[in-house]
Amino acid sequence: MKWEGQEQSRNVEDRRSGGMGGVPRLGGRRGLGLGSIVIALVVGWIFGINPLTVLGLMGGMGGESGSAEVAQQAPAQSPPAGDRAAAFVSTVLRDTELVWGRQFGAQGQAYQEPRLVLFRGAIPSACGMGQSAMGPFYCPGDRKVYLDLEFFDTLQRQLGAPGEFAQAYVIAHEVGHHVQNLLGITEKVDGMRGRVSEVQMNALSVRVELQADCLAGVWAHDSQAGKGWLERGDIESALNAASRIGDDTLQREAGARVRPESFTHGSSAQRMRWFQRGFEQGQVGACDTFQARDL
């Protein structure tokens with residue numbers, strides 16, 4: 001991926017210095033141990049639509065409404081010059097801004113750019129307390145993507161998904177959730193909570209996540225058409241990342257029985273299929289997972 005020297009986003013907040021290092025104490029109870037954090041990574045980020053809820057329940061809170069001991073945040077600043085990893089993230093984010101600006105503009109709408117927050121350890125968000133071990137997440141409450149850059153090491157070493165475009169896919173997937181939020185999809189799905197069964201809610205979550213994968217594919221299509229910056233093996237790298245974070249693959253690798261009714265992000269095959277669909281067709285209309293009979 002030939003990204004160096006490309007334009008970078010101004011919507012990156014660097015809160016890694018003087019922020020909230022370590023693990024916060026939730027609900028006035030003892031802090032979460034490493035084992036709990038690992039479970040939250042698998043169950044929350046991969047298996048659940050909002051990992052903040054998982055950590056809240058594990059820490060003795062009632063969902064996201066419990067109290068949290070929150071340290072004062074350092075003022076946001078731009079990433080320092082020479083920080084290659086932050087420059088990469090800023091470059092990918094800027095390209096998503098350009099792509100979705102064109103996509104929304106073609107429909108006579110203005111695209112509202114999200115902000116991306118770099119952090120270490122833990123950070124408060126409008127959705128509750130975020131933790132590095134959750135992996136990247138998008139909070140619709142403040143319209144921000146949260147990312148600890150160390151996750152990219154986890155993606156490569158523990159999840160078996162190396163490559164810069166695999167990282168770009170992760171960012172584009174989270175921005176895809178922002179697009180869903182702007183389109184009103186997030187609100188509609190969240191409005192179903194408590195009105196349908198857990199199995200039905202899981203099925204809706206799968207469609208939300210697969211749509212975000214497809215939207216990431218739409219970004220990749222439009223981006224490549226405009227810049228031609230992808231290199232041989234980049235798309236395969238993204239497809240491999242999508243495969244490695246499929247619910248069935250993660251359940252097998254955790255030594256658990258594969259339970260399709262518990263899926264909330266989709267199988268490896270489904271995640272690959274919808275990213276590829278978005279990349280090949282390059283149209284938002286191709287990403288209507290809610291009307292699709294066969295995922």
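Can you pull out the helices (runs of 4 or more DSSP H) entirely within the range 220-295 that have at least 1 residues that are closer than 13 Å to TYR169 by Cβ and of a type in the set (Lys, Arg)?
234-244, 268-281
Mind checking whether some residue in the range 148-168 is crowded, with 16+ Cβ neighbours inside 10 Å, within 12 Å of the chain's Cα centre (by Cα) and under 27 Å from ALA292 (Cα atoms)?
yes
Residues of the range 130-160 being among the aliphatic types (A, V, I, L, M) and at pLDDT below 90, which ones?
Selection gives ALA133, MET134, LEU155, LEU159.
On the given criteria, is ASP247 at pLDDT below 90, in contact with a helix residue (DSSP H, G or I) (Cβ under 9 Å, 6 or more places away or on another chain), buried (at least 16 other Cβ atoms within 10 Å of the Cβ) and not aromatic (Phe, Trp, Tyr)?
Against the criterion (at pLDDT below 90, in contact with a helix residue (DSSP H, G or I) (Cβ under 9 Å, 6 or more places away or on another chain), buried (at least 16 other Cβ atoms within 10 Å of the Cβ) and not aromatic (Phe, Trp, Tyr)), ASP247 qualifies.
Could you count how many residues in the range 238-294 are of a type in the set (Val, Ile, Thr) and without any contact (Cβ under 8 Å) to a residue 24 or more places away in the chain?
2
Collect the residues in the range 250-273 that are buried (at least 18 other Cβ atoms within 10 Å of the Cβ) and more than 27 Å from VAL92 (Cβ to Cβ), keeping them in residue-number order.
Matches in the range 250-273: GLN251, PHE263.
The rows are residues; the columns are (1) at pLDDT below 95; (2) basic (Lys, Arg); (3) buried (at least 17 other Cβ atoms within 10 Å of the Cβ).
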| site | (1), (2), (3) |
| --- | --- |
| THR53 | yes, no, yes |
| GLY62 | yes, no, no |
| GLU69 | yes, no, no |
| GLN77 | yes, no, no |
| THR91 | no, no, yes |
| GLU97 | no, no, yes |
| PHE104 | no, no, yes |
| ARG120 | yes, yes, no |
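Which of the residues belonging to the range 117-155 are of a type in the set (D, E, K, R) and either in contact with a strand residue (DSSP E or B) (Cβ under 7 Å, 6 or more places away or on another chain) or more than 19 Å from PRO79 (Cβ to Cβ) (or both)?
Correct list: ASP142, ARG143, LYS144.
The values are calculated or read from the model by the stated rules, or taken from the named source; none is laboratory data. What you see is a predicted model, and the numbers here were worked out from it, not measured in a lab. Methodologically, a virtual Cβ is constructed for each residue, glycine included, from the backbone with ideal geometry; neighbour enumeration extends over all protein chains shown.
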